[in-house]
Amino acid sequence: MVFSLVRTPLPNGPRRVAVRSVDALTPTYLRIALEGDFADFESRGADDHLRLFFVPDDVDAAELAELRPFPSREYTPVSWSADELTLDVVVHGEGPGSNWAASATPGNGAMVGGPRGSQVLDGRPDHWLLAGDRTALPAIRRFAAQAASGVPVDVVVIAEDPADEQAISSPGDLRVTWVRDLDALIAALGAAPHRDGDGFAFVAAEQSVVKPARAALVAAGFDLERSIVKGYWKRGEAEYHAPH
Ligand SMILES: Cc1cc2nc3c(=O)[nH]c(=O)nc-3n(C[C@H](O)[C@H](O)[C@H](O)COP(=O)(O)OP(=O)(O)OC[C@H]3O[C@@H](n4cnc5c(N)ncnc54)[C@H](O)[C@@H]3O)c2cc1C
């Protein structure tokens, strides 16, 4: 079946939020529920990203109107309802995002901006290849949930520790491979099966994944124009801005 990636703007404005709950999916992967007004929140693309602004609780309305001075980082909406949005955040030990998540407690304030646009997958791919580290797991899970019943869904995810492996589900014929590092992820992509039909691939991890992943996808028969390959962070660089 033919599919395409269609860019759509989204109307999401900035929202003031507060931490509602923090659940440790693993000691270094936290599910953080944010309470706020999400009645008109939209996220149509599985790899949408929003910006979480780490705003101190004592900031007044005038300071809030200008968000730029506050540090912020990008995260993928996991799930949402009219009054709650959930994020899954990697605690890797350094940086305002990791530190904020590690110390998040109910009542802590923040701001959410976006997502400002989506890349929506229009149509149903014949097969899927979804790969990345735990920063990409929210997007991988959202993509996997979109697969048509019974189509092959090959997933490769880095969990440096076996305890970091997470449940992934899909209506498709799901095969999940857990690997321990980026080299093993790239090797697994290089060994990806060459499947018939129109396949979609999504790969996101540390920035050095981009070049070898693109080469592996081409070798496996994927069309790069209709695949997504991104660096979600860069080793040694704070607030890496991936090209969107
Ligand atoms: C489109 C998009 C969606 C994303 N979605 C998510 C998401 O849903 N959940 C999530 O956890 N992350 C997600 N990320 C990644 C997240 O934005 C980055 O990891 C970000 O750098 C974290 O900010 P920080 O303040 O913790 O670290 P920074 O201040 O940015 O970096 C400080 C140091 O930590 C290192 N570092 C940064 N991230 C990691 C990491 N994950 N593991 C190890 N070292 C790291 C950097 O190399 C740097 O040396 C997403 C990124 C993009 C581009």
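The values are calculated or read from the model by the stated rules, or taken from the named source; none is laboratory data. The structure displayed is predicted, hence computed values, not measured ones. Every residue, glycine among them, receives a Cβ derived from its backbone with ideal geometry; neighbour counts consider all protein chains shown.
Taking the stated definitions as given, is Ile168 within 16 Å of the ligand (Cβ to nearest atom), under 25 Å from Thr28 (Cα atoms) and in the same structural domain as Thr135 (by TED's automatic domain parsing)?
Numbers: within 16 Å of the ligand (Cβ to nearest atom): yes; under 25 Å from Thr28 (Cα atoms): yes; in the same structural domain as Thr135 (by TED's automatic domain parsing): yes.
Criteria met by Ile168.
Can you tell me which residue among Glu165, Glu206, Glu160 is in contact with a Phe, Trp or Tyr (Cβ under 7 Å, 6 or more places away or on another chain) and farther than 30 Å from Thr8 by Cβ? Quick ask: steps written out before the conclusion?
Details: Glu206 fails: farther than 30 Å from Thr8 by Cβ; Glu160 fails: in contact with a Phe, Trp or Tyr (Cβ under 7 Å, 6 or more places away or on another chain).
Criteria check complete, one pass: Glu165.
Looking at region 87-114, which of its residues are assigned to a strand (DSSP E or B) and under 20 Å from Glu35 (Cβ atoms)? Spell out the reasoning first.
Looking only at region 87-114, we keep the residues that are assigned to a strand (DSSP E or B), and these are 87-90, 109-113.
Scanning region 87-114 gives Leu87, Asp88, Val89, Gly109, Ala110, Met111, Val112, Gly113.
Given (1) without any contact (Cβ under 8 Å) to a residue 40 or more places away in the chain; (2) within 25 Å of Ser208 (Cα to Cα); (3) more than 16 Å from the ligand (Cβ to nearest atom), where does Ala147 come up short, assuming only one miss?
Every listed condition holds for Ala147 apart from (2).
Residue check: is Asp181 within 16 Å of the ligand (Cβ to nearest atom) and surrounded by fewer than 22 Cβ atoms within 10 Å (Cβ to Cβ)?
On the way: within 16 Å of the ligand (Cβ to nearest atom): yes; surrounded by fewer than 22 Cβ atoms within 10 Å (Cβ to Cβ): yes.
Here the answer is yes, as Asp181 does meet what is asked.
Quick check on region 91-100. Is at least one of its residues more than 9 Å from the ligand (Cβ to nearest atom) and surrounded by 14 or more Cβ atoms within 10 Å (Cβ to Cβ)? It would help to see each step written out before you state the result.
Of region 91-100, the ones more than 9 Å from the ligand (Cβ to nearest atom) are none.
No, because not a single residue in region 91-100 is more than 9 Å from the ligand (Cβ to nearest atom) and surrounded by 14 or more Cβ atoms within 10 Å (Cβ to Cβ).
Taking the criterion of being within 16 Å of the ligand (Cβ to nearest atom) and either in a helix (DSSP H, G or I) or surrounded by 19 or more Cβ atoms within 10 Å (Cβ to Cβ) (or both), would at least one residue in region 210-224 satisfy it?
We begin by selecting, within region 210-224, every residue within 16 Å of the ligand (Cβ to nearest atom); these are 210, 213.
Next cut, either in a helix (DSSP H, G or I) or surrounded by 19 or more Cβ atoms within 10 Å (Cβ to Cβ) (or both) only: 210, 213.
For region 210-224, residues within 16 Å of the ligand (Cβ to nearest atom) and either in a helix (DSSP H, G or I) or surrounded by 19 or more Cβ atoms within 10 Å (Cβ to Cβ) (or both): present.
Does Phe41 qualify as being surrounded by 18 or more Cβ atoms within 10 Å (Cβ to Cβ), touching a residue at least 12 places away in the same chain (Cβ under 8 Å), of a type outside the set (Ser, Thr, Tyr) and within 13 Å of the ligand (Cβ to nearest atom)? Write out each step before concluding.
Details: surrounded by 18 or more Cβ atoms within 10 Å (Cβ to Cβ): yes; touching a residue at least 12 places away in the same chain (Cβ under 8 Å): yes; of a type outside the set (Ser, Thr, Tyr): yes; within 13 Å of the ligand (Cβ to nearest atom): no.
So Phe41 fails the test.
Quick check on my filter: what residues within region 110-141 are more than 11 Å from the ligand (Cβ to nearest atom), of a type in the set (Gly, Ala, Ser) and within 21 Å of Glu42 (Cα to Cα)?
Residues of region 110-141 more than 11 Å from the ligand (Cβ to nearest atom): 110-113, 116-118, 120-131.
Within this subset, residues satisfying the condition of being of a type in the set (Gly, Ala, Ser) are 110, 113, 117-118, 123, 131.
Scanning region 110-141 gives Ala110, Gly113, Gly117, Ser118, Gly123.
Across region 19-46, what is the number of residues that are outside any loop (DSSP other than H, G, I, E, B) and modelled with pLDDT under 95?
If we filter region 19-46 for residues that are outside any loop (DSSP other than H, G, I, E, B), which is where we start, we get 19-26, 29-35.
Now drop any that are not modelled with pLDDT under 95, which leaves 26.
Result for region 19-46: 1.
So which residues in region 115-151 are of a type in the set (Gly, Ala, Ser), surrounded by fewer than 20 Cβ atoms within 10 Å (Cβ to Cβ) and under 16 Å from the mean Cα position of the chain (by Cα)?
Kept after step one, since they are of a type in the set (Gly, Ala, Ser), are these residues of region 115-151: 117-118, 123, 131-132, 136, 139, 144-145, 147-150.
With the extra rule that they be surrounded by fewer than 20 Cβ atoms within 10 Å (Cβ to Cβ), the set shrinks to 117, 123, 145, 148-150.
Gly117, Ala145 - these are the residues of region 115-151 that are of a type in the set (Gly, Ala, Ser), surrounded by fewer than 20 Cβ atoms within 10 Å (Cβ to Cβ) and under 16 Å from the mean Cα position of the chain (by Cα).
Consider region 190-209. How many of its residues are within 15 Å of the ligand (Cβ to nearest atom) and more than 24 Å from Pro71 (Cβ to Cβ)? Explain how you work it out, then say what you get.
To start, the set of residues in region 190-209 that are within 15 Å of the ligand (Cβ to nearest atom) comprises 202-209.
Next, only the ones that are more than 24 Å from Pro71 (Cβ to Cβ) stay: 202-203, 208-209.
Of the residues in that region, 4 qualify.
Which residues, counting only those in region 225-244, are near the ligand (Cβ under 9 Å from one of its atoms) and either surrounded by fewer than 17 Cβ atoms within 10 Å (Cβ to Cβ) or assigned to a loop (DSSP other than H, G, I, E, B) (or both)? Before you say what the answer is, go through the steps one by one.
Taking region 225-244 first, the residues near the ligand (Cβ under 9 Å from one of its atoms) are 230-242, 244.
Residues satisfying the conditions are Lys234, Arg235, Gly236, Glu237, Ala238, Glu239, Tyr240, His241, Ala242, His244.
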